[in-house]
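Presented below is the structure to which this report refers.
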Amino acid sequence: MKLKNIILLTGILLPVSSAFAQYTEDVLRFSQTENGTTSRFTGLGGAQTALGGDASSIASNPAGLGLFTKSEFSFTPGYTNNKATGNYLNTSSSIQKDRAGINQVAVAFYNPTKRYDNSEASKGWLSVNIGLAYNKTNNFNGTTDYSGVNPNSSFGDYLADIARNPNDVLADAGYESYLIELDGTTANTQNERYFPLTDINNNQQNTIYRTGNQSEVNFSLGANYSNQLYVGASIGLASINYNADRIFTESGSTLDLASINAQGLNVYNETLPYLDGNYRLSYSSNQETKGTGVNGKLGVIYRANPNFRVGFSFVTPTWYSISDTYSEGLNNRFNKANGLSENFNNDQEYYEINYTLRTPYRLNGGVAFIVNNIGLITGDIEFVDYASMHFNSDDERETTINTNNDIRDMYQSAVNFKVGAEVKLNPIMLRVGYNTTGNPYQNATYTSNTISGGFGYRVNNISFDLTYASLTSKYDTSPYYISQDYPYYGSTGSGDIANIKNKRNNVFATIGLRF
């Protein structure tokens, strides 16, 4: 089994100390999930912990199943337009992608208890309802693209930096492609150093194509006690299907011998045929990740009076078993004014790892104020401890230790807020909602906010709901990471930073049938 030894960041820019940054990013990527909801609860900002009576309860707070007084089937397709804008080296660019899919399918069975005595019909355990639902909990589909002219560094700097690690395959490819050179003053020592043959003021472009999703199938039970206390539990079977393709290109000029000597560098090779020319390199990578997991949910809703409800739910960690396959390759083409040109095509390298992931637990609390025939206001608060995530690979102990150290050093607990309101204009209902996601990073900036709105229509046992939700997130990233002690490029400890703004426009429609 081969394990990659890279720090090519494709997500949030993190001060990663280990050489296994991808897994540090992935454990968070697969832990930042949302409950797949119906269009109604999406329109309410996802604030549902205290409400219940909706198919969304099957996957969030199963106590909400106890509020059903009829059986119900619901189906929620969705459409997503994802637009990413990048600002890199004072150059702005944007790219967008459209996708349609199924957000939720659910069925809830109303099961009133049978009574063999003369007890009051509104006292005791009145129903034990059953729910089964498929929910999409994470949507990975989207494209990120940014480009610019880099006056500070080149990909050659990155290759020279990682070449200090013995037997680094990607660095070897850079050396064989004449992108980096051994500093003769350090040759045959324990601290051999390499320097780039590529000059600054080069043209760079980084494009990442992501597809896939996370989903859950939940089986839930919810019970009603005296139309006042509602309790529930569920088992969730989760899955991950994630794919990321990355293409990084760079073109510019190579150094000449005079500029190399001016830096006090000693060229180890006697001949460097591609100095003082032009180059165009292409780095590509592909990641395919698949996994399955299981979790549990417990919930309670208390109806203090007809107008006020309070709810709580606990979501256990999801225990995943994950298989990850990664490949990367580096190609380069040189051109000189004298007509000399050559392509250097390196074989794609493949790496595989199997690991387990424990995501964070979640605590939810919510309140709802309901006035019949007028409307409602509801709000949720959610606590998530991202520092409790845990990574383990039995075959790769070093990776396990480094990744878990990075998790403790980089992530923290976060609080998410959700609020929504609904106004009844029978038979139409109007809704608006807002939610904000807390920052999971100790030393990095991340913001994510969603604004939603929509309407619902009820007639007899048929319902239709339509919601628009706009999610905006901002973060910083870099096409490559350069160590703080790298001797040929400042001391920033990173490559040049791109500011990414991602806007996801969603439209969800739910068709419901009571029976």
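Every number here is computed from the coordinates shown, using simple stated rules; none is lab data. Source: prediction; values computed, not measured. With ideal geometry, Cβ positions are generated from the backbone for all residues, glycine too; neighbour counts draw on all protein chains shown.
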Requested in this report: Let me know the charge dipole size of the chain about its Cα centre in debye, to the nearest 20, where only the beta-carbon of Lys, Arg (+1) and Asp, Glu (-1) is charged.
Outcome: 3300
Query raised in the report: Taking the Cα centre of the chain as the origin and placing charges on Cβ (Lys, Arg +1; Asp, Glu -1), which of Asn203, Val315, Phe41 is farthest toward the positive end of the dipole?
Result: Phe41
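May I ask you to derive the FRET efficiency for Asn354 and Phe515 from their Cβ-Cβ distance with R0 = 56 Å, giving the value to the nearest 0.05?
0.80
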Query raised in the report: At Glu288 and Asn305, where each label point lies 7 Å from the Cα along Cα→Cβ, what is the point-to-point distance in nanometres?
Result: 6.1
Requested in this report: Would you calculate the separation in nanometres between label points at Gln228 and Leu363, each defined as 7 Å from the Cα along the Cα-to-beta-carbon direction?
Outcome: 2.7
Report summary line: Distance in nm between Leu257 and Asn439 label points, each 7 Å along Cα→Cβ, equals 5.2
Query - Given [x] 39, 27, 22; [y] 30, 29, 23; [z] 54, 22, 18, the label whose value is semi-axes √(5λ) of the Cα gyration tensor in Å derived from this model - result: [z]
Report summary line: In terms of the charge dipole of the chain, which places +1 on Lys and Arg and -1 on Asp and Glu at the beta carbon, the residue among Ala171, Leu272, Val105 farthest towards the positive end is Val105
Query - His390-Lys424 FRET efficiency (beta carbon distance; Förster radius 45 Å; 0.05 resolution) - result: 0.45
Query raised in the report: For Ile451 and Gln96, FRET efficiency with R0 = 25 Å and r from the beta-carbon atoms, rounded to 0.05?
Result: 0.85
Report summary line: Projected onto the charge dipole of the chain (unit charges on the beta-carbon of Lys, Arg, Asp and Glu, signs +1, +1, -1, -1), the Cα from Val384, Thr445, Asn286 with the largest positive-side position is that of Val384
Requested in this report: Please report the relative contact order for region 155-311, taking Cα pairs under 8 Å with a sequence separation of at least 6, and give it as a percent rounded to a whole number.
Outcome: 24
Query - Relative contact order %, region 81-185, counting alpha carbon pairs below 8 Å whose residues are six or more apart - result: 30
Query raised in the report: log₁₀ I(q)/I(0) of region 81-197 at q = 0.22 Å⁻¹, via Debye over equal Cα point scatterers, no solvent, to two decimals?
Result: -1.13
Query - region 123-188 versus region 238-314: alpha-carbon centroid distance in Å - result: 3
Query raised in the report: On full extension of the chain, what length is gained from Ser239 through Thr185, given 0.36 nm per residue of separation minus the C-alpha to C-alpha distance?
Result: 14.2 nm
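Mind checking the dipole of region 411-490: about its Cα centre, +1 per Lys or Arg Cβ, -1 per Asp or Glu Cβ, Debye to the nearest 20?
The calculated dipole for region 411-490 is roughly 400 debye.
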Query raised in the report: Do you know the relative contact order of the chain, to the nearest whole percent, from alpha carbon pairs under 8 angstrom that are 6+ apart?
Result: 20
Report task. Which order do the peptides 213-222, 479-488 take when ranked by the mean count of other beta-carbon atoms within 10 Å per residue, highest first? Result -> 213-222, 479-488
Report summary line: Residue separation between Ser341 and Ser413 times 0.36 nm, minus their alpha-carbon distance, gives in nm 20.5 nm
